[in-house]
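The values are calculated or read from the model by the stated rules, or taken from the named source; none is laboratory data. Please read these numbers as outputs of a predicted model, since none were measured by experiment. Every residue, glycine among them, receives a Cβ derived from its backbone with ideal geometry; neighbour counts consider all protein chains shown.
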Amino acid sequence: MKKEDLYMDDRGYLRFKDSKKTIHRWIAYKYIYKPNKQKYILPFRKYQIHHKDGNKTNNNVDNLELYIDKQHQEIHKDLIKEQFTLRVLAFWGVIALGIIGSIILFLIIIF
């Protein structure tokens, strides 16, 4: 697999130029699904491929997991909740630092 044989689609996934197949699905089929077929009860096309680290271009077999659609949606729903929580905490942290900074500045000015 050479870089010149691949392209990135408009959703950020790497694909083969000659067949338009996504790299992550090809790798998941060849190295996860096919060798462990007895573990998977559904046909491969019924599975979503999850990138554990969230990086769509990291198609290392250790970074890929197979899930049915509902499971995959739950994972991403949980990730979105975590990201939202972190953003809210960061926002309030900045606000708190601003308030503390203002108090310190006020104390410096009056003393």
Scan of region 12-66 for residues that are without any contact (Cβ under 8 Å) to a residue 24 or more places away in the chain, assigned to a strand (DSSP E or B) and hydrophobic (A, V, I, L, M, F, W, C), ordered by number: PHE16
Selected residue (criterion: surrounded by the fewest Cβ atoms within 10 Å (Cβ to Cβ)) from residues of region 47-61 that are within 14 Å of the chain's Cα centre (by Cα) and within 18 Å of ASN36 (Cα to Cα): ASN60
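To keep it simple, each residue is scored yes or no on (1) of a type in the set (Ser, Thr, Tyr); (2) at pLDDT 90 or above.
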| site | (1), (2) |
| --- | --- |
| LYS3 | no, no |
| ARG11 | no, no |
| PHE44 | no, yes |
| TYR47 | yes, yes |
| VAL61 | no, yes |
| LEU64 | no, yes |
| LEU79 | no, no |
Answer residue from region 13-28, given it is basic (Lys, Arg) and over 16 Å from the mean Cα position of the chain (by Cα) and is modelled with the lowest pLDDT among those: LYS20
